[in-house]
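Each remark here refers to the structure printed beneath this line.
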Amino acid sequence: MENSSKDDYKIQSFDIETQTLLKTALNDPGSVDLEKVCSVIVEQSLKDQIFSREAGRICYSIVQTEAKQNNGSSFRRHLLTRLQQEFIAREETRRRSTQDWVCLVSFICNIFDYLKVNNMPMVALVQPVYDCLLRLAQPDALKNEVEVDCLVLQLHRIGDQLEKMNMQRMDEMFYLLRDGFLLQEDLSSMGRLLLLEILEFRAGGWNLSDTAQKYYYSEVTD
């Protein structure tokens, strides 16, 4: 990750001035307003799901470069403060826009995946990530394919890491998913398929057999 080309980041959707700001932050974070950089990244992540999946890698690089440059942690501090604000307002975000909500979840999970302390996930992010994913596992969210798809995508990406940090909450989430799959009658066929796949994925030790993979992904493609 550290060796990625700085031009490799998906920042073409920004105007030229903002692209320059981000490229400078990636190379010389001490020379720019890192609070502004943080706001730019968060705001784009909350409206662009593709960028929200890329943002963790950008944040990771800025954090690493700042630490090497002056042993600083200003950017990480701004990022965690902003994430806390967005997390507190999550229900309001969900009511306003499902798309904004799944972007927020994707972004928080992406940050959890990339930002590590001594090669371990940041403890401060574990419960907020669980709270977001457990919200996606509630009966009203399971009726929405967009939310189910987001939940399954995040569990594929970070489920194993999360379980190691708190198995009890992962069990709680999978009780909800199992009950939703077995008892909830208003799920779409795709939602039901996605739930069955993630139940099998965890049961297999966060892995799918080749046969199961071919089955689920041929169904999704069809």
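The values are calculated or read from the model by the stated rules, or taken from the named source; none is laboratory data. Quick caveat, the model's predicted, so the values are computed rather than measured. A quick note on method: Cβ atoms are made from the backbone with ideal geometry, for glycine too, and the neighbour counts reach across all protein chains shown. Heavy atoms of the whole protein, side chains included, go into the accessibility calculation; ligands, DNA and RNA do not. Shrake-Rupley method; radii C 1.70, N 1.55, O 1.52, S 1.80 Å.
In this structure, the residue pairs whose Cα-Cα separation is over 31 Å, taken from K23/K164; K36/K68; K164/K214, are K23/K164. All other residues whose Cβ lies under 12 angstrom from that of A203 are scored, Lys and Arg at +1 and Asp and Glu at -1, for a net of 0. When the residues V123, V152 are ordered by accessible surface, computed with a 1.4 Å probe over the protein chains alone, the sequence from largest down reads V123, V152. With K and R counted +1 and D and E -1, the other residues having a Cβ less than 12 Å from that of N166 yield a net charge of -2.
The relative contact order of the chain comes to 15 percent, based on Cα pairs under 8 Å that sit 6 or more residues apart.
How much of the accessible area of the chain, probe 1.4 Å, is carbon plus sulfur, in whole percent? Heavy-atom surface of the chain belonging to carbon and sulfur, 1.4 Å probe: 48 percent. Relative protection proxy for 101-112, 82-93, from highest mean packing down: 101-112, 82-93 (other beta-carbon atoms within 10 angstrom).
The calculated P(r) of region 39-168, using every Cα pair and 10 Å bins from 0, goes 12, 46, 33, 8, 1 in percent. Mean projected area of the convex hull spanned by the Cα atoms of the chain, taken over all viewing directions: 13.0 nm². Shown is the FRET efficiency for K143 and Q213, computed with R0 = 22 Å from the Cβ-Cβ distance and rounded to the nearest 0.05: 0.25. Working note: 222 nm ellipticity from helices only, DSSP H runs with n ≥ 4, each -39,500 (n - 2.57), summed and divided by the residues of the chain, gives -24500 deg cm²/dmol to the nearest 500. Note on N166 and K36: the extension gain reaches 43.4 nm, defined as 0.36 nm multiplied by sequence separation minus the Cα-Cα distance. Available extension along the chain between E43 and Q19 is 7.2 nm, counting 0.36 nm per residue and deducting the alpha carbon span. At an R0 of 22 angstrom, the distance between the Cβ atoms of R77 and R157 translates into a FRET efficiency of 0.30. A viscosity of 1.567 mPa s and a temperature of 4 °C, combined with the Kirkwood radius over Cα pairs in Stokes-Einstein, give a translational diffusion coefficient for region 119-221 of 93 µm²/s.
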